[in-house]
Amino acid sequence: MTMSSREEFAPRDRRLNVHPLERLLSVALGACLLQSGLQRSGAGGCLRLLLGSALTYRGVRGFCPVYDAWNIDTRSTPAKIDGDWQRIEASVVIPRPPNELYDLWRDFTQMPSLLSHVEKVDILDDQRSRWTVVGPLGARLELVSRIEEDEQDRRIAWCSTPQASVQTRGAVEFLKEGEEATRVRVELSYLPPGGGFGRVLERIFGPEAQSRLSEDLERFKERLETGAGDGNRTHDT
């Protein structure tokens, strides 16, 4: 091969940034969405056709514009099985006693009214509950959590079961401040999945998740101060 021919092919090689395994998965998922889209009418069918076409093109072409925007190339980076837990934390002072706030958080069915990324919680038994969480474009993930700690009026901690596709942890503490107020401190952690998908999730959700948690707590405080109740709210997807 001459120098000119190598230069001709070099730009095309640099446009490949998706690992071969991810390309296969993208084509398979894209084909499923295309088939589903053809069987549906209306906006839902059109959305599936668009997403299916994009994933199929991603797999066939081997190029992901999201990876390109974040300067990610997974072709030579093997997926990781282990990793470091990523943690976000926020707190707010509320003029209510700890026992009252504890009772609200201990009822996990109230979580959709407390945390904006939680759509629904179904109680399975005294220790386990099934959480449905929402992400960008209405993407949903279901996981089963179990209670790790339950200290009356002081602390509640939970974690996902080992079989969950994404490992998560959470805890809320109720710290008395003065005579009439309580500091509610929430900590949420997750173990990012390996490979390029995991790195994209880390970069996209890091700062946004932190600010969203702070906004959730401020909204919770405002609702209690105005007496708006603690019923579930509708999620925007």
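The values are calculated or read from the model by the stated rules, or taken from the named source; none is laboratory data. This one's a predicted model, so the numbers in the text were calculated from it and none came from an experiment. Just so you know, the surface numbers come from the protein's heavy atoms only, side chains and all, with ligands and any DNA or RNA stripped out. Shrake-Rupley method; radii C 1.70, N 1.55, O 1.52, S 1.80 Å.
Given the Cα-Cα distance of residue 183 and residue 151 and 0.36 nm per residue of separation, how much length would full extension add, in nm?
Numbers: separation 32, 0.36 × 32 = 11.52 nm, distance 1.58 nm.
Working it through step by step, the gained length comes to 9.9 nm.
If the chain linking residue 124 and residue 61 were pulled fully straight, counting 0.36 nm for each residue of separation and taking away their Cα-Cα distance, it would gain 18.3 nm.
Here residue 60 sits with roughly 100 square angstrom of accessible surface, probe radius 1.4 Å.
Phi-derived couplings, Karplus 6.51 cos²θ - 1.76 cosθ + 1.60 at θ = phi - 60°, listed residue by residue for segment 217-226: 5, 5, 5, 4, 4, 5, 5, 5, 5, 8 Hz, with x used for Gly and Pro. Ranked from largest to smallest solvent-accessible area, with a 1.4 Å probe on the protein heavy atoms, 221, 176, 120 come out as 176, 120, 221. Ordering 56, 132 by accessible surface, largest first, gives 56, 132; the 1.4 Å probe counts only protein heavy atoms, with every chain in place.
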